[in-house]
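The values are calculated or read from the model by the stated rules, or taken from the named source; none is laboratory data. Keep in mind that what you see is a predicted model, and the values were worked out from it rather than measured. Here the Cβ is made from the backbone with ideal geometry for all residues, glycine too, and neighbour counts use every protein chain on show.
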Amino acid sequence: MEDSRELNGNLAIKDETPVPSPYDASWVQATLCNISHLISPSVLLVGEPQLRMTCESVALEDIKCEKFLEEKYRLHRALMEFRNVNGFGRSIAAPQIGVTKRFLAINMGKGMGMILLSRNSNVSVYFTGPFTLINPTITFKSEKLISLWDDCMSFPFLLVRKQRHASVSVKFVDDEGVTHEWKDLDTATSELLQHEIDHLDGILALDEPFGKNGIVSREVYEKNREYFDREVDYVIEPTI
Ligand SMILES: [Zn+2]
């Protein structure tokens, strides 16, 4: 079909219609209901040693193993609960619930879900709700840099001014063990994945604030949002 584009092996887009994917919100929701017996995972706060560890890659043969599946569902559940309670939170890395393995749960949320916009090809891919990135690595970083106020579920009471690459490309494995590469991602997805992949190497946004007075309490930021947002050239859009 002329107007459809095959992307990333199992995702396609035709006339910008959302395409069901293995990451469909109903998939995670149904799975989360099935594991309601699991103890609600708590998100580790800054200072916990697991947040500083370099995480191990997930072995491909483990992707369908019970242990990994349980860890993955716990991570999705932690993200869902955090979003419900706090009204923000687009993603979480496994070490944030004490699992020192290289995978992320993401939910760019709000109705339609996540929109990935490739800078160069001008093609959008829509995701409906949560999905998983296993062993993600950055394969390209743009020269162009942006500054923004970043937050984190492990220090939700703080905002940190960061400088990040405006666009990155990311390679990862999906829930089925298939490798994908997302090229030239839009700024929202790029800054998010730089933050999350740093977590897998024990790096927190707090480690390298950009510029003077680069760490502020959320309370102070909320009170003077316009002032602080004028200091940066990119502002994160709410997803809830
Ligand atoms: Zn974080």
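Filter region 171-208 for residues that are part of a strand (DSSP E or B) and either within 12 Å of Ser142 (Cα to Cα) or over 15 Å from the mean Cα position of the chain (by Cα) (or both); which is modelled with the highest pLDDT?
Residue satisfying both the conditions and the ranking: Thr179.
When you check Glu231 against the structure, is it over 14 Å from the mean Cα position of the chain (by Cα) and loosely packed, with under 13 Cβ neighbours inside 10 Å, yes or no?
Against the criterion (over 14 Å from the mean Cα position of the chain (by Cα) and loosely packed, with under 13 Cβ neighbours inside 10 Å), Glu231 does not qualify.
Scan Glu71, Glu81 and give me the residue that is of a type outside the set (A, V, I, L, M, F, W, C), under 25 Å from Thr189 (Cβ atoms) and touching a Ser or Thr at 6+ places or on another chain (Cβ under 7 Å).
Being of a type outside the set (A, V, I, L, M, F, W, C), under 25 Å from Thr189 (Cβ atoms) and touching a Ser or Thr at 6+ places or on another chain (Cβ under 7 Å) holds for just one of Glu71, Glu81, which is Glu81.
Hey, could you check region 173-212 for residues that are free of Cβ contacts under 8 Å to residues at least 60 places away in the same chain and of a type in the set (Gly, Ala, Ser) and say which is nearest to the ligand (Cβ to nearest atom)?
Applying the filter and picking the extreme gives Ala205.
Output yes when any residue across region 152-165 is assigned to a helix (DSSP H, G or I), buried (at least 21 other Cβ atoms within 10 Å of the Cβ), small (Gly, Ala, Ser) and within 16 Å of the ligand (Cβ to nearest atom), and no when none is.
Looking through region 152-165, none of the residues is assigned to a helix (DSSP H, G or I), buried (at least 21 other Cβ atoms within 10 Å of the Cβ), small (Gly, Ala, Ser) and within 16 Å of the ligand (Cβ to nearest atom).
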